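Reading through the C-alpha cells given below for one structure.
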Amino acid sequence: MGRNVTVGVAGATGALGREVLRLLDEAPWRPDHVQAFARASTTVDFVEYGEERLTVDALEHFDPAQLDLLIIATPAEAAPAAIDAAVAADVPVVDLSGSQLEDLAVPLVVPWLNAELLRQPRSRDVVAVPSAAAMMIGAVLSALAPHGRLSDAEATVMLPASHWGKRGSEELSGQVVALFNSSTPPRTQFPEGFAFDLMPEVGERSSSGWTRPELRLTAEVARLSGQRLSATLVGVPVFNGVSATLSFAMDRAADAEWFRQVLLEGGLQGGEAASRRLPRPRRVDGERSPAFGRLRTSLDGTRQHVWLSMDNVVASAAAAVGVAGQLLRLAEEG
C-alpha cells in the first residue's frame with residue numbers, strides 16, 4: 001500500500017486521539033499526510049505526529065473531500081455529524097466513539113478477530129471498533145469457541161477513569177488532589193465522587209435493572225464471538241486499564257494448562273501462576289493485547305474462571321489503526 005494517503009483524526013486532542021496519532025506514526029504504512037480535528041471548544045492548537053506539529057482544525061467545519069479515510073476518536077455525541085459528512089463524500093470511516101455500536105448495519109471489527117468482515121458489502125462505508133471491554137472478553141470467548149460449547153458466561157468489568165475520556169482522567173486527578181488537601185473536589189464528570197471510591201452502577205438503568213452500557217456490552221460480545229454474556233460494569237478509581245473477572249461453563253473437561261495454551265494461541269498474553277506477575281492496569285500499560293491470569297476451575301468442576309486486564313486506550317487505538325490500514329489496502333486493490 002502506498003503511503004501517499006491523507007488520514008483525518010477527529011478528536012485528536014484527547015487521550016485516545018493522541019494514541020491514534022502515535023500508532024499511525026509507527027504503522028508500516030505510515031501515512032505521509034494526517035489532518036487533526038477537534039471540537040471548536042478545544043483549547044489545544046497543535047498536536048504531535050512524529051516530528052511534525054499538526055494544526056488542530058475545528059471538526060465542525062472539516063472538509064472530508066480532502067481525506068482518504070477518517071478515524072473518529074471523539075465523544076459519542078460529537079461523532080454522527082462528522083460520520084455523515086464523510087459518508088456523503090465517499091470517505092471510509094473507522095469509528096471509535098461508540099456512536100455506531102447499536103447499528104447492526106455497521107460491522108464491529110477487531111483486526112485480529114474478524115477482519116474478514118471488511119471484505120463484505122456495507123450499506124455505508126463505516127466500520128466500528130468495539131469497546132475495549134468487548135474486545136478483551138470477545139478475545140477469550142472467540143479463542144475458546146472452536147474447542148467446545150460455552151454457556152452461562154458472566155463477567156464483572158472494572159472501568160478506569162479513561163473510559164470517560166480525557167475529562168474523566170482529569171477529574172479523577174482533581175478529586176484526588178482536592179481530597180488530599182481537604183478542599184472541595186470537582187464533580188462534573190463524576191457528580192457522586194470517584195476518587196478513593198467505587199462506582200457500583202455505570203450508566204442509565206434500563207427497565208430490566210441492567211444499565212444500558214451493560215446491555216450494549218453483552219450485544220457487542222455476542223456479535224464478536226457468538227457467545228451470550230451477562231456483564232456487570234463497575235467504575236474503579238484508576239486512571240487507565242480495563243480489567244475483568246470472567247467465568248463460563250464448558251461442555252468438556254479442561255484443566256488450567258490446557259486453558260492457558262488455548263488463550264496464548266488466541267493471541268492473549270500472560271498466564272503466569274505467580275501472584276506477583278498477574279496482569280493489572282499498571283502492568284499492562286502500553287500493551288496492545290489483553291493479558292490473563294488466575295485460571296481456575298470451580299470446586300464442582302463445572303465452570304472456568306479467568307482474570308483479564310488490558311490497556312483500553314492503546315488497544316482501542318491499535319484496533320482502529322489496524323482497521324484503517326486494511327480498509328486503505330482493500331481500496332488500493334480495487
* Which residues, taken from segment 110-140, are more than 22 Å from residue 158 (Cβ to Cβ) and under 11 Å from the mean Cα position of the chain (by Cα)? -> 128
* Structure fact -> Only unsatisfied item for residue 254, checking (1) part of a helix (DSSP H, G or I); (2) modelled with pLDDT under 90; (3) surrounded by 16 or more Cβ atoms within 10 Å (Cβ to Cβ); (4) not charged (D, E, K, R), is (1)
* Quick check: anything in segment 290-309 buried (at least 24 other Cβ atoms within 10 Å of the Cβ) and assigned to a helix (DSSP H, G or I)? -> no
* Residue pairs meeting the criteria (Cβ under 8 Å; at least 6 apart or on separate chains; first free of Cβ contacts under 8 Å to residues at least 60 places away in the same chain and hydrophobic (A, V, I, L, M, F, W, C), in segment 12-27; second open to solvent by less than 20 Å² (accessible area, probe 1.4 Å) and outside any helix (DSSP H, G or I)) -> 21/9; 21/12; 21/34; 21/36; 21/47; 21/49; 21/54
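Could you tell me which of the residues 173, 243, 230, 169 is over 21 Å from the mean Cα position of the chain (by Cα) and either within 26 Å of residue 44 (Cα to Cα) or modelled with pLDDT of 95 or more (or both)? Can you show your working first?
Details: 243 fails: over 21 Å from the mean Cα position of the chain (by Cα); 230 fails: over 21 Å from the mean Cα position of the chain (by Cα); 169 fails: over 21 Å from the mean Cα position of the chain (by Cα).
None of the other options fit; the residue is 173.
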* Is it the case that residue 320 is assigned to a loop (DSSP other than H, G, I, E, B) and open to solvent by less than 40 Å² (accessible area, probe 1.4 Å)? -> no
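Modelled with pLDDT under 95 and surrounded by 24 or more Cβ atoms within 10 Å (Cβ to Cβ): is that true of residue 270 in this structure?
On the way: modelled with pLDDT under 95: yes; surrounded by 24 or more Cβ atoms within 10 Å (Cβ to Cβ): yes.
Taking the combined requirement at face value, the residue satisfies it.
The values are calculated or read from the model by the stated rules, or taken from the named source; none is laboratory data. Just so we're clear, the structure is a prediction, and the values are computed from it rather than from any experiment. Quick reminder, even Gly has a Cβ in these numbers, built from the backbone with ideal geometry, and neighbours come from all protein chains shown. Surface areas here come from the heavy atoms of the whole protein model, side chains and all, with no ligands, DNA or RNA. Shrake-Rupley method; radii C 1.70, N 1.55, O 1.52, S 1.80 Å.
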